[in-house]
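A short worksheet on the structure shown next.
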Amino acid sequence: RGTKNKMMGGRKYMKKPVIGISGSLIIDASGNFAGYKRSYVNNDYILSVIKNGGVPFIIPFNENEEVIKAQIEMVDGLLLSGGQDVAPKNYGEEPMPKLGDIFPERDDFEYGLLKAALEAKKPVLGICRGVQIINTYFKGSLYQDLSYMGIETLKHNQVNTPERVTHSVTVDKTSKLFEIFDEEKFMVNSFHHQAIKEVGNGLIKTAAAPDGIIEAVEKTDYPFLVGVQWHPEMLHDSVEMMNKLFARFIREASNE
């Protein structure tokens, strides 16, 4: 695992850390395979891991607990990717009218991945849906839609142009996130209509938007568990500082 020395042709080389990226299913809408399910992740996750020194592997969705545990055994770090809304049943609520598409089986899959990663003390990074999975795993809750907050919010879904930043976040200066970015305030992109309501047990809020929406959490009594609400992987080419998050995550996975 990690960057342990290996021998190849009589020479030592450093093994790059393997980053498992939680996958989802996409269904073909047309053509010869209409209705056919495919495993996938957005390619920006792959490119961000490679750019920052890791070896990306898609962890395909499945419902086999033994397989899920084995999948985590094979990687050095877990990246929980974006996607569907988290099912409200996971935080004790009934579905409200503005809830988006859900994939409860994927929720269970990622909770299983997270549980196995935590038991093995492997670093975890959650992005967008990923931070919401982390929060609800630790018994936190979500606003099913920003309109249910009862306040006027910023625009948190910029719809397109993912490589563009659109609103600011302010970071807690005592947090790991501040340690990584070394900036208290910076701009991010935004593609979500849900947000963290109650922060999960053992987690702390580490960043917020000007309207008060929680933009990041972390677990202070764990080597590396960080979740962000924006999409740093989509900014890996346009906002160079966003690579600092991936670089730190991958370094944590290297056992250095």
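The values are calculated or read from the model by the stated rules, or taken from the named source; none is laboratory data. In this text, all values refer to a predicted model and were calculated from it rather than measured experimentally. Cβ placement follows ideal geometry from the backbone for every residue including glycine, while neighbour counts extend to all protein chains displayed. When the accessible area is computed, the model is the full protein with side chains, heavy atoms only, and any ligands, DNA or RNA have been set aside. Shrake-Rupley method; radii C 1.70, N 1.55, O 1.52, S 1.80 Å.
Things worth noting here:
- Residues in segment 134-164 that are among the aliphatic types (A, V, I, L, M) and under 18 Å from the mean Cα position of the chain (by Cα): 2 in all.
- Hits in segment 161-175 - residues which are of a type outside the set (Ser, Thr, Tyr) and in a strand (DSSP E or B): HIS167, VAL169, VAL171
- Note on segment 52-86: among residues that are within 17 Å of the chain's Cα centre (by Cα) and charged (D, E, K, R), the one that is surrounded by the fewest Cβ atoms within 10 Å (Cβ to Cβ) is ASP85.
- All of PHE57, PHE61 fail the test of being within 20 Å of ASN243 (Cα to Cα), touching a strand residue (DSSP E or B) at 6+ places or on another chain (Cβ under 7 Å), of a type outside the set (A, V, I, L, M) and free of Cβ contacts under 8 Å to residues at least 60 places away in the same chain, apart from PHE57.
- Applying the set (1) open to solvent by 40 Å² or more (accessible area, probe 1.4 Å); (2) of a type in the set (Ser, Thr, Tyr); (3) farther than 19 Å from GLN158 by Cβ to SER254 leaves exactly one unmet item: (1).
- Scanning segment 121-160 for residues that are part of a loop (DSSP other than H, G, I, E, B) and open to solvent by 40 Å² or more (accessible area, probe 1.4 Å) yields LYS121, LYS139, GLY150, ILE151, GLU152, THR153, LEU154, LYS155, VAL159, ASN160.
- Search result, residues across segment 28-51 that are surrounded by fewer than 13 Cβ atoms within 10 Å (Cβ to Cβ) and closer than 30 Å to GLU252 by Cβ: ASN43
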